[in-house]
Amino acid sequence: MPPSFSQRKPVLTARSPGKINLFLEITGRRDDGYHQLETVMARTNLCDTLEYEDRDDGVIKLTLSGWGGPLGMAARALPAAPLDFPLDATNLIVQAASSLQQYAGCPNGASIRICKRIPGQAGLGGGSANAATTLLSLNQLWNLNLPQKKLHAIAATLGSDVNFLLSGCRAAVCTGRGEHVAALNVRGLRHAVLIVPYSGNATADVFAALELPDSPRSIQLWQQQLQNSTGQQYGNLCFNRLQVAAEQLNPQVSRALTWLKQHAGSGHLTGSGSGCFALVRSAGVARHLVRRFSDRRSATATAIHF
Ligand code: C5P
């Protein structure tokens, strides 16, 4: 579902949906330290909720209103661990709001509250989704009327996945650092069971541990296979070049993948992890697998669709 808004003046409420990666290949290292990639992202129904209230003092103030949803436990990690959700200028929400303020020369500020459901360091695009939603919402709340193109220019400075989540596409092929977005029809692919280990992955660490492929997989070939596949074959279509590095860094990723392969027939990393998923035939199958998931001391499971 796309980001949606309902304005109950003076508070604007918005849903902030995340993503999974159905395909992710790295085609090279760039001079700026990033990697050149080709990925297929699909927007999921897993979303945070944000509320934005206008302020006339120019201050951006972020507060956490709660942890929600079936992944609430993974979103806040283990109860004994420190809460891993900064509310200062290191948070992409604050960075998105400040960038928009500066770009538009806007004197207004905002009080922002978030109910967090999408776990961090899981490859589910939670932080990027929040940044995209903040750009769209404050553009509206502050009556800036900046066109999509300008918002995309700001998004690209915030993170590699922000442009896709800003685009409103249900699925897309993303290239460059990930910031170039071309809509894609992924008909037939809809449901997945998702496992999120409590221990997350730092994106930069996973990229640093990656061994570049001698001959990268072709995304064009992947798209052709997608067109020619039906039902059960979809599960084996997914691919993620970061998976080996993510497994080396985090044993909980391997455990999640092993469980998925045994019970759902396939298992794949999303983004740089630590979240893993398997595509399944229906929502019923996804819910059935969630009920069977037994490793609840190290991870949590939920059914998702996109
Ligand atoms: O763009 P983003 O802030 O999400 O990236 C986090 C880190 O992941 C980067 O600092 C970089 O180390 C790595 N990265 C990369 N190539 C990409 C995207 C991310 O090397 N295309």
key: Per-residue HN-Hα couplings for the range 291-304 [Karplus 6.51, -1.76, 1.60; θ = phi - 60°; Hz; x = Gly/Pro]   = 5, 7, 5, 10, 8, 7, 7, 10, 7, 10, 10, 8, 8, 10
remark   = Once the mean of 1/r over all distinct C-alpha pairs in the chain is inverted, the Kirkwood radius in Å reads 19.6
request  = Taking the Cα centre of the chain as origin, sum charge times position over the Cβ atoms of Lys and Arg (+1) and Asp and Glu (-1), and report the length of that vector in debye to the nearest 20.
outcome  = 1140
note = For the chain, averaging the sequence separation of alpha carbon pairs under 8 Å that lie six or more residues apart and dividing by its residue count, the contact order in percent is 23
Under 5 Å, built H, 5+ apart or other chain: amide partners of T44 = G18, K19, I20
request  = Tell me what the chain gives for mean residue ellipticity at 222 nm when only DSSP H runs of n ≥ 4 count, each as -39,500 (n - 2.57), the sum divided by the residue total, rounded to 500 deg cm²/dmol.
outcome  = -9500 deg cm²/dmol
Lys pairs, the chain - Cα-Cα below 30 angstrom, 8 or more residues apart or on other chains = 16
remark   = Residues meeting the amide H criterion for R55 (H placed from the backbone, H to H distance under 5 Å, 5 or more places apart or on another chain) are G109, A110, S111
task = Determine the sum of side-chain charges near C169: Lys and Arg each +1, Asp and Glu each -1, restricted to other residues whose C-beta is under 11 angstrom from that of C169.
result = +3
Of the chymotrypsin sites (Phe, Trp or Tyr not before Pro) in the range 204-304, those whose Cβ has at most 14 other Cβ within 10 Å and which sit in DSSP loop = none
query = What is the set of long-range amide H partners of G68 at a cut-off below 5 Å, with H atoms built 1.01 Å from backbone N?
reply = K116, R117
query = For the range 108-223, what relative contact order do you get, as a whole percent, if you take Cα pairs closer than 8 Å and at least 6 residues apart?
reply = 21
ask   = Summing +1 for each Lys or Arg and -1 for each Asp or Glu, what net charge is found among the other residues whose Cβ lies under 11 Å from the Cβ of L242?
value = -3
remark   = Both in Å, the radius of gyration and Dmax of the C-alpha trace of the range 102-186 are 13.4, 42
note = Diffing the range 103-111: the Karplus 3J(HN,Hα) column from phi (6.51, -1.76, 1.60, θ = phi - 60°), in whole Hz with x for Gly and Pro, holds 4, 8, x, 8, x, 6, x, 7, 9
remark   = Check: C-alpha center the range 31-92 vs C-alpha center the range 95-153, spacing in Å is 11
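Throughout, read-outs are computed from the coordinates displayed, never taken from laboratory work. If you're wondering where the values come from, they're calculated on a predicted model, not measured in any experiment. Positions of Cβ are generated from backbone atoms using ideal geometry, with glycine treated the same way; all protein chains shown enter the neighbour counts.
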